[in-house]
Every structure is written in C-alpha cells, then in structure tokens.
Amino acid sequence: MPSPKTSRAEPSHVITLNGIIVPAKWDDGGNPVVLVLSTDQEEEYVLNISAKKEEKLRKLLQQSVRISGTVDSGNDRQKRLTVTRFKKRPTNGHAGDV
C-alpha cells in the first residue's frame with residue numbers, strides 16, 4: 001500500500017462554485033458538446049453531467065449559476081466537476097435547485 005506522501009488519490013467531497021456556463025467545444029453543426037463553468041475566481045471546470053440535467057443546464061448558457069459537485073483532475077490536468085445540483089443565481093428574488 002502506498003504511503004500517504006506518494007498517493008495521488010484525494011478523497012471526493014462536494015464543493016459549491018459560482019460562475020457562468022460557457023461552451024468550450026462544438027460539433028460540426030455549431031452545437032456545444034462540452035460545457036465549462038468559468039468561476040468568479042477565474043478558474044475553469046469541465047462539467048460532467050447526466051443527460052437529463054445537461055438539457056436543463058444548456059438553457060443557462062452565458063448565465064450566472066451556482067453548481068455543486070465533486071472535483072477531479074483528468075489526465076490533461078484540467079479540472080472536472082461532476083455536477084450533483086445547480087441553480088441559476090438570481091438577479092433579484094430566488095431560483096430553485098435542479
């Protein structure tokens with residue numbers, strides 16, 4: 001068993017981030033196929049999301065959202081967020097969780 005000093009595995013824990021959903025990759029028809037959260041702290045997370053939630057999240061492109069999920073780094077060292085819940089950040093009033 002590797003010692004804690006050499007292990008790269010980190011425990012998964014849920015975090016919540018605020019930011020804007022932006023497309024990062026498009027198909028030949030110009031439809032977004034990869035979505036990214038650009039956070040208020042100028043970090044970017046590629047979003048891993050279920051098909052059901054992705055449809056709802058696409059409606060929030062270029063809008064301010066609050067997203068919760070677990071983070072991991074891929075082989076390309078890009079941060080990835082597996083989305084568990086999200087909601088639009090209201091400009092005034094309240095928005096519901098998805």
*How many residues, within region 23-53, are within 17 Å of Arg85 (Cα to Cα), surrounded by 15 or more Cβ atoms within 10 Å (Cβ to Cβ) and more than 10 Å from the chain's Cα centre (by Cα)?*
1
*asked:* Which residue is farthest from Ser12 (Cα to Cα), if the candidates are limited to region 65-76 and must be surrounded by fewer than 15 Cβ atoms within 10 Å (Cβ to Cβ) and among the polar types (S, T, N, Q)?
replied: Asn75
*Counted residues, region 55-75 - those being among the charged types (D, E, K, R) and modelled with pLDDT of 90 or more*: 4
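The values are calculated or read from the model by the stated rules, or taken from the named source; none is laboratory data. The model shown is predicted, which means the values in this text are computed figures rather than measured ones. Note: ideal-geometry Cβ built from the backbone for every residue, glycine included; neighbour counts use all protein chains shown.
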